[in-house]
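See below for the structure under consideration.
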Amino acid sequence: MRVHLGQVALVVADYDPAIAFFVDALGFELVEDSAASTNEGRPKRWVVVRPPGAQTGILLARADGPDQIAAVGRAAAGRVAFFLRVDDFDAARSRMLAHGVTFVSEPREEPYGTVAIFLDVSGNRWDLLGPPRVPQEQAEGHVGGRW
């Protein structure tokens, strides 16, 4: 039996700015943008974006009602909610900065890779994660001053 996570929902203030952020700033694909209706019959859109080549998408759900409006930008109550892993950290960060993405931390090295925190169009916190930077001595085949 094959199982995978198809989509996760992200509550946004409006569809079009969110689409522009994910497609232009992050380089995601717009997988679907279709007319739909809420359970109460109000018009909405079914909007899915995802990183190129990924199976799991993000359903951009426009806030509908006071509870959902209050949740915009609070996907994890102010903690990092999402983790965007890239092969080329510097290129991804440069692209994002060129599109006005706000980084709330400088890049730093962790055992799991290079990381910097950024905000999405709604104010949710994300980790931009790249591969660990290999210290020069490791790249040259020696570690800790020993050959």
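Mind checking whether some residue in segment 118-129 is more than 12 Å from the chain's Cα centre (by Cα) and either over 23 Å from residue 57 (Cα atoms) or surrounded by 11 or more Cβ atoms within 10 Å (Cβ to Cβ) (or both)? Within segment 118-129 (the criterion being more than 12 Å from the chain's Cα centre (by Cα) and either over 23 Å from residue 57 (Cα atoms) or surrounded by 11 or more Cβ atoms within 10 Å (Cβ to Cβ) (or both)), the answer is no, since none of the residues qualifies.
Search segment 94-110 for residues being among the aliphatic types (A, V, I, L, M) and outside any loop (DSSP other than H, G, I, E, B), and hand back the single one that is surrounded by the fewest Cβ atoms within 10 Å (Cβ to Cβ). Once the filter is applied, the top-ranked residue is 98. Comparison of 70, 116, 91, 77 shows that the only residue that is free of Cβ contacts under 8 Å to residues at least 40 places away in the same chain, within 22 Å of residue 44 (Cβ to Cβ) and either of a type outside the set (Asp, Glu) or in a helix (DSSP H, G or I) (or both) is 70. Within the set 61, 54, the sole residue that is without any contact (Cβ under 8 Å) to a residue 60 or more places away in the chain, touching a strand residue (DSSP E or B) at 6+ places or on another chain (Cβ under 9 Å) and outside any loop (DSSP other than H, G, I, E, B) turns out to be 61. Residues in segment 7-41 that are assigned to a loop (DSSP other than H, G, I, E, B) and surrounded by 10 or more Cβ atoms within 10 Å (Cβ to Cβ): 13, 14, 26, 27, 28, 38.
The numbers here are math on the coordinates, done by the rules we state, and not lab data. Remember, predicted model here, so these are calculated numbers, not experimental data. Cβ atoms come from the backbone with ideal geometry, glycine included; neighbour counts cover every protein chain shown.
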